[in-house]
Amino acid sequence: MASDHVVVSDEKDATLVQTTEMSSNRPSHTSNDTIVVNAENIGREKEEPQPETVVLPPVHSAYTPWEKKLIVISAAFSGLFASWTAQIYLPALNNAARDLGTTAQKINLTVTSYMIFQGVTPIFIGGYADSMGRRPVYLICFLLYIAVDALLAKTDSYGSLLALRSVQSITISSTQALCQGVVADISTSAERGQYAAFLALPTILGPSIGPVIGGAIAQFLGWRNIFWFLAITGGLNLFILVAFFPETCRRIVGDGSILPKKWNQTLLQLFLNRRKDRSHQAENGTLPIPDVEAPKANFAWAKFLSALTLLFEKELSVLFLYGGLLFAGLYAVGTAAPSLFAGFYGYDGLTIGLIYLPLAAGSVLAVVLVGKALNWNFRRHANRLGITVTRERNMDLSEFPIERARIEVLIPPFILSVIVITGWGWAIENTVSIGVIVVLVFLLGLGLSGVASVFNALITDIRPEKASAASASNNIIKFLLGAGMSAAIEPLISSVGPGKAFSIIASLYVVVSPCLVVTCRKGMKWRQEIREKDRLAEEAAAAAQ
């Protein structure tokens with residue numbers, strides 16, 4: 001129809017008439033819907049710059065902010081079991097040694113063996129959880145953990161206690177690494193700060209509230225009831241996981257909008273989706289697509305040991321070693337505190353345990369402050385580079401200075417930690433007022449928990465697709481250094497006193513700190529090298545198939 005013609009003309013009417021006449025004189029095979037365009041204008045339009053089409057990446061997660069917070073809190077609480085299971089038992093060591101007819105030196109081996117397996121076990125589990133899912137690993141860990149706790153509550157010999165404590169560590173140690181994987185699954189780099197800060201809570205809250213609970217139970221109910229307490233609380237957490245904690249692994253559920261197989265769904269998901277026909281969704285194209293094809297279950301050693309390969313990546317190895325050194329200082333404080341407070345202040349086990357509570361308060365405050373600071377500094381660097389930040393979508397960090405954005409936030413809590421750990425040692429040695437000690441313990445929790453939050457966020461940013469494996473690699477360095485520092489602090493205090501001993505630890509923090517400057521300067525280059533290496537490996541694997 002003539003009325004359907006669309007004509008783009010020049011400013012002069014003559015040009016339009018001329019163009020129309022020319023088009024009417026030449027043969028045409030077009031329909032009545034032909035679009036007649038001024039040829040002169042076509043050239044002009046081509047010369048004019050056209051706005052670039054911006055293709056936004058897909059929304060990273062289908063979960064709402066509140067759902068994300070609940071998922072991370074649940075994962076962090078599950079990770080707390082690995083930490084407080086090690087610490088809750090400390091006030092009962094003397095009672096256990098007396099009941100089982102053994103020495104304090106031998107009973108201390110039950111603590112050492114726990115820490116060794118706490119560092120080693122996650123490297124076998126982290127890679128599997130990255131491939132096959134978080135939720136099945138959580139459920140298996142807690143089922144075995146509850147069973148071992150029940151056996152420990154019935155133990156009547158030193159040999160069985162030592163063996164079962166090792167098995168207990170094997171069953172629960174991986175939950176901290178899983179927590180880091182969950183955060184990587186559901187959060188982008190722009191919002192990861194507030195969620196990654198929760199990952200520091202299990203590390204700090206375990207040593208702070210574990211001795212309080214363990215000391216109270218050992219004093220009023222007997223040391224074996226500590227393990228019944230762990231079994232009961234583990235059972236309650238297992239119910240929460242079964243009922244409400246969803247699978248988050250992106251290989252299986254994508255952005256969270258894909259239902260996993262029924263055996264891997266929560267009770268809530270089964271209830272809400274019992275009448276939905278997923279085949280109908282697929283026919284209408286409404287079923288989302290996961291990030292990658294979900295793999296079949298297998299137990300290849302390469303998958304279990306994938307965490308070991310991360311130990312040899314330049315940037316991660318630097319962060320693992322320095323972060324492990326900072327963590328070792330916290331373990332030095334926790335290990336030495338009971339003997340120092342007993343020797344210098346004459347406190348009993350329960351009172352000593354209560355002094356750890358300000359450490360927990362400082363840690364909670366650090367989660368709030370550092371989480372907000374990490375997100376703020378990320379946006380600041382993005383704005384400086386002219387990058388628009390959307391919290392719901394992942395960014396390409398290959399050209400983004402994520403190391404600088406994170407480590408700048410680390411500086412204040414790092415300086416605070418160095419000052420406080422030095423002052424804490426000298427305050428104990430000079431037997432200052434207990435009020436001063438409580439304030440220092442609070443500030444120590446604020447500083448060290450803040451530092452741990454930054455390291456957790458940066459490690460996840462560098463390897464988000466292998467977050468659980470990276471956390472497992474971090475654990476092996478962290479807990480081995482922590483075990484070494486725990487063993488060395490008592491002889492060091494005996495030789496030079498608590499003031500000089502903790503000053504030495506603070507000096508180590510400062511002397512090794514230039515490695516953070518190196519990370520800021522070379523981190524982006526190292527990440528790009530790893531990405532290129534991964535790309536070549538994927539191409540080679542695809543060509544071999």
Of the numbered conditions (1) surrounded by 18 or more Cβ atoms within 10 Å (Cβ to Cβ); (2) not in a helix (DSSP H, G or I), residue 257 satisfies every one except a single condition; which is it? (1)
Counting only residues that are surrounded by 12 or more Cβ atoms within 10 Å (Cβ to Cβ) and either among the acidic types (Asp, Glu) or outside any helix (DSSP H, G or I) (or both), which one in the range 509-533 is modelled with the lowest pLDDT? 529
Looking at residue 419 and the list (1) under 25 Å from residue 189 (Cα atoms); (2) open to solvent by 70 Å² or more (accessible area, probe 1.4 Å); (3) part of a helix (DSSP H, G or I), which single condition is not satisfied? (1)
Yes/no for residue 405 being assigned to a helix (DSSP H, G or I) and either over 29 Å from residue 360 (Cβ atoms) or modelled with pLDDT under 90 (or both): no
All positions within the range 219-254 that are assigned to a helix (DSSP H, G or I) and under 19 Å from residue 164 (Cα atoms): 225, 226, 227, 228, 229, 230, 231, 232, 233, 234, 235
Would you check which residues across the range 77-104 are under 18 Å from residue 157 (Cα atoms) and open to solvent by 60 Å² or more (accessible area, probe 1.4 Å) and list them? 94, 98, 99, 101, 103
Being out of contact with any Leu (no Cβ under 6 Å at 6 or more places or on another chain), on the phi < 0 side of the Ramachandran plot and either buried (at least 23 other Cβ atoms within 10 Å of the Cβ) or in a helix (DSSP H, G or I) (or both): is that true of residue 107 here? no
Looking for something in contact with a Phe, Trp or Tyr (Cβ under 6 Å, 6 or more places away or on another chain), surrounded by fewer than 19 Cβ atoms within 10 Å (Cβ to Cβ) and in contact (Cβ under 8 Å) with a residue 12 or more places away in the chain - is there at least one such residue anywhere in the range 493-508? yes
With the checklist (1) modelled with pLDDT of 85 or more; (2) in a loop (DSSP other than H, G, I, E, B) in hand, flag the one item residue 269 doesn't pass. (2)
Just to be sure, is residue 410 under 18 Å from the mean Cα position of the chain (by Cα), at pLDDT 90 or above and crowded, with 17+ Cβ neighbours inside 10 Å? yes
Hits in the range 336-361 (condition: in a helix (DSSP H, G or I), hydroxyl-bearing (Ser, Thr, Tyr) and crowded, with 21+ Cβ neighbours inside 10 Å): none
Looking at the range 137-165, which of the residues that are under 26 Å from the mean Cα position of the chain (by Cα) and open to solvent by 20 Å² or more (accessible area, probe 1.4 Å) is nearest to residue 226 (Cα to Cα)? 146
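The values are calculated or read from the model by the stated rules, or taken from the named source; none is laboratory data. For clarity, every value in this text was computed on a predicted model and none was experimentally measured. Neighbour counts run over all protein chains shown; Cβ positions are idealised from the backbone, glycine included. Only protein heavy atoms, including side chains, enter the accessible area calculation; ligands, DNA and RNA are left aside. Shrake-Rupley method; radii C 1.70, N 1.55, O 1.52, S 1.80 Å.
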